[in-house]
Each structure stands twice: as structure tokens, then as C-alpha cells.
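The values are calculated or read from the model by the stated rules, or taken from the named source; none is laboratory data. Only a predicted model underlies this, so the values are computations on that prediction, with no experimental measurement involved. For neighbour counting, all protein chains shown are included, and Cβ atoms are generated from backbone atoms with ideal geometry for every residue, glycine included. Keep in mind that these areas ignore ligands, DNA and RNA; they rest on the heavy atoms of the full protein, side chains included. Shrake-Rupley method; radii C 1.70, N 1.55, O 1.52, S 1.80 Å.
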Amino acid sequence: QVQLVESGGGLVQAGGSLRLSCAASGSSFRVNTMGWYRQGPGKQRELVAIITSDGSTYHADSVKGRFTISRDSAKNTVYLQMNSLKPEDTAVYYCNFKAISVEVWGQGTLVTVSS
């Protein structure tokens, strides 16, 4: 049973930075994709960034150049470095793990960016 534990959310001023972490445990899937999604107030959940087990990445246009996803495979941990944060980045950020026949979500971590 794969479990995800997120950390790193909080309150930051516009222009600031935060780093989110998501540690996966219980996974025996060598081929997988991990990523971050977010859901802002009154909005639908949207994809922020994903990274595959071979290191390929995708970043949504809205965060490209400001956010960077990375992973430490030895620690089964994925990170989201968020720079130049904007008030519109305010959301609950969810970690996601996908492999063949399984998809798991983290509990979410709140990021609030004040103007």
C-alpha cells in the first residue's frame, strides 16, 4: 500500500519561495510518475508539475520558469521548489503517485501567498 506524506506548505509573501516535499512509502513500483496538483479557492484541481521515474518532467505553463519539480529516487521523495510566488498560487497542493494499476493522493498541504 503506497502512502504519501507531504510537508512544506505555509504562508509566504508574494515574491517569496517555498519548497514542498512528498515522501512515498510502501511502493515497489520502479516505473512510476509522481507529481503535484493544486486546487485554489473556488477552482478545480489542476496539474502543476510531474516527474517520471526516469527523470522526465512537465511543468504547467502557469508555473514554468518559477517552479521546479525534482525527485530523490533513493529516498522515494519528490520536491516542488516554488519561487517568485504570486497570490494566484494560493491553493492546497496535493502530491500524486501513479503506477500501473495504482494511483494515490496525499492529504494536501496549504500554500498561502499574501500580496
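A few notes on this one:
- Sole exception among (1) in a loop (DSSP other than H, G, I, E, B); (2) of a type outside the set (Lys, Arg); (3) touching a Leu at 6+ places or on another chain (Cβ under 8 Å); (4) free of Cβ contacts under 8 Å to residues at least 24 places away in the same chain for residue 85, by number: (4)
- Residue 19 being closer than 26 Å to residue 86 by Cβ and not acidic (Asp, Glu): yes
- Only a single criterion out of (1) of a type in the set (Gly, Ala, Ser); (2) open to solvent by 30 Å² or more (accessible area, probe 1.4 Å); (3) under 14 Å from residue 72 (Cα atoms) is not satisfied by residue 15, namely (3).
- Of all residues making up the stretch 46-64, the number that are under 22 Å from residue 100 (Cβ atoms), open to solvent by less than 60 Å² (accessible area, probe 1.4 Å) and among the small types (Gly, Ala, Ser): 3
Yes/no matrix, rows are residues, columns are (1) open to solvent by 60 Å² or more (accessible area, probe 1.4 Å); (2) within 12 Å of the chain's Cα centre (by Cα); (3) at pLDDT below 95:
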| site | (1), (2), (3) |
| --- | --- |
| 20 | no, yes, no |
| 32 | no, no, yes |
| 36 | no, yes, no |
| 39 | yes, yes, no |
| 44 | yes, no, no |
| 66 | no, no, no |
| 69 | no, yes, no |
| 78 | no, yes, no |
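- Lone unmet requirement of (1) more than 16 Å from residue 2 (Cα to Cα); (2) surrounded by 14 or more Cβ atoms within 10 Å (Cβ to Cβ) for residue 106: (1)
- With respect to the stated conditions, residue 100 is open to solvent by 40 Å² or more (accessible area, probe 1.4 Å), among the β-branched types (Val, Ile, Thr) and either over 15 Å from residue 10 (Cα atoms) or in contact with a Gly (Cβ under 6 Å, 6 or more places away or on another chain) (or both).
- Odd one out for residue 80 among (1) assigned to a strand (DSSP E or B); (2) within 21 Å of residue 115 (Cβ to Cβ): (2)
- Residue check, residue 91 free of Cβ contacts under 8 Å to residues at least 12 places away in the same chain and either under 14 Å from residue 16 (Cα atoms) or not β-branched (Val, Ile, Thr) (or both): no
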